[in-house]
Amino acid sequence: MSLIDVKGAGHEYRAFGLQIRSSLPLPEMLPATGEGEPDACIDCGTVPAKLREAMVVRKRFEAAPGAFLLRIEGVARYLVTGGKRIVVDPERGAHDEEVRLFLLGSALGALLHQRHDLVLHGSAIGDGGGCALFLGVSGAGKSTLALAFRQRGHPILADDLSVVRADRDGRLELQPGYQQAKLWLDSLACVDIDGEGLRRVHRSMDKRALPLGASFLHFPRPVTRIYILRPEERDDVHIEPLRGSDRLAALRSNTYRFRYLESSGSKAAHFRSAAQLARQVPLAIVRRPKDLRLLPELVGRLEADLRTGAGDA
Amino acid sequence: MTAASPLPAHALVVRNPTPLAADLDGETVVLNLDSGKYYDMNAVGSRIWTLLERPIAVGALIDALVGEFEVQREACEKEVQAFLRELRANGLVDISAPEVFRRRLGVEVRRLTGAGILVDREGNHFGVNQVGLRMWDLLGEAISLDALVEALGDEFDVSSARCRQEAEAFLNELRARGLVEDAGPG
């Protein structure tokens with residue numbers, strides 16, 4: 001019998017189908033269930049300002065095959081290597097919430113890219129035995145729509161990062177992400193949630209973290225439908241199936257931090273899995289008015305489309 | 001070959017092996033990993049990309065397309081020329097139009113009565129008739145297409161136009177199979 005925990009100061013979590021050992025507490029993730037070696041480790045340490053072998057140098061990041069450096073001024077530097085390790089170097093006085101915001105977003109996204117996963121920008125909801133993805137640019141209404149479906153009894157699998165990976169039989173599955181969704185206060189109001197009491201994800205942003213609780217589905221599900229959300233100057237909702245090479249182009253432009261793939265060594269893997277997903281799963285563009293007045297109609301139309309898959313065309 | 005002059009019919013188009021391609025309902029998307037660029041091809045472009053699976057001469061490519069699509073030969077030629085140039089400019093294909101050819105070393109020839117079989121280093125067989133066999137012999141030394149046609153016209157009783165057509169097709173077949181190589185500028 002020992003009074004000392006020999007495993008050391010580490011928290012074990014699971015997210016995106018990976019076992020993650022972290023020296024930082026990450027309440028956004030579910031605790032790990034199994035034993036065994038983690039797939040990825042998150043530690044605090046010193047991160048250099050530059051990547052020595054960088055092939056791509058941008059204002060906020062540098063990249064080379066298997067190595068990625070992210071610099072967020074006033075928050076932290078993150079070094080992501082080999083699809084297995086993230087070293088976090090917080091700046092003095094940085095807020096924990098903000099350190100985690102970029103860790104669980106951009107840095108984890110880079111790690112998943114390095115692992116050759118297909119990382120899409122959007123939310124995922126459970127539908128029957130499968131799941132539907134809502135993709136789109138920031139402000140397209142992905143999280144809001146997922147919450148509206150949650151109100152109607154659908155579970156949520158992912159918010160912001162939607163990770164698709166082939167199972168042993170080659171079937172593409174959405175891997176459940178974090179047990180929270182991030183939403184603007186006014187979006188929360190649209191689905192009758194008072195966000196005032198919820199934790200802010202960033203000091204200077206009115207975006208709040210909503211714990212998903214029992215509505216978080218933590219099992220992988222095959223992807224059965226993909227919607228690309230497009231807010232436009234219009235008064236109605238229009239659903240339009242995508243065909244041919246447009247399907248692959250849509251997945252490309254809705255890949256999470258697509259520019260991180262440059263010089264990552266993962267571009268070929270991304271191309272192959274995106275092409276497989278585009279071939280297997282129906283994709284549609286959802287054109288909607290910019291404001292959210294038609295949210296109930298939008299949900300109704302999408303529910304009908306999920307049942308039939310016909311679109312408007 | 002300058003950029004402005006048309007690619008000759010016997011120019012051989014060879015796909016660069018590195019680009020990745022995916023077919024989506026008959027439309028091809030190609031990713032050139034060297035440049036990181038994506039190319040979305042329409043139905044005709046996709047068909048051309050498929051025909052380029054094996055090295056093929058520009059003329060043979062145009063023949064195939066004219067047979068498959070409802071298109072005038074002249075219009076087709078213009079489009080194909082432009083498309084191939086674009087593929088080449090983007091590093092997706094190599095195009096070579098040598099003036100002089102020579103048979104490749106290491107190809108074995110089995111002579112039968114009135115015909116023969118060429119066997120390459122990998123053991124692939126390619127049957128040739130009497131005229132083909134004679135061409136193979138002539139290709140023992142560097143020779144231009146014009147010289148080949150002239151020599152064959154003297155020996156066999158065929159019209160010059162027909163002879164040129166057949167010699168060119170045969171030569172392109174040999175090049176596509178890697179049995180004949182570019183012998184440098186004439």
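Details
- Answer from A:Gly66, A:Gly82, A:Gly93 - the residue that is out of contact with any Asp or Glu (no Cβ under 6 Å at 6 or more places or on another chain) and more than 24 Å from A:Leu261 (Cα to Cα): A:Gly93
- Number of residues in the range A:253-297 that are in a helix (DSSP H, G or I) and within 16 Å of A:Arg225 (Cα to Cα) equals 8.
- Flag for A:Arg58 being of a type outside the set (Phe, Trp, Tyr) and either farther than 13 Å from A:Glu262 by Cα or free of Cβ contacts under 8 Å to residues at least 24 places away in the same chain (or both): no
- Of the listed requirements (1) over 26 Å from A:Gln19 (Cα atoms); (2) in contact with a Gly (Cβ under 8 Å, 6 or more places away or on another chain), A:Leu161 misses just one: (1).
- In the range A:244-264, the residues that are in contact with a Pro (Cβ under 8 Å, 6 or more places away or on another chain) and more than 10 Å from chain B (Cβ to nearest Cβ): A:Ser264
- Of the strands (runs of 3 or more DSSP E) entirely within the range B:103-186, those holding at least 2 residues that are among the aliphatic types (A, V, I, L, M) and closer than 27 Å to B:Val13 by Cβ occupy B:115-119.
- Test: residue in the range A:302-312 that is within 14 Å of another protein chain (Cβ to nearest Cβ) and either among the hydrophobic types (A, V, I, L, M, F, W, C) or under 21 Å from A:Ala181 (Cβ atoms) (or both): no
Any read-out appearing in this document is the output of simple, stated calculations on the displayed coordinates, not a laboratory observation. Note that this is a predicted model, so its numbers are computed, not measured. Backbone-built Cβ (ideal geometry, glycine too); neighbour counts: all protein chains shown.
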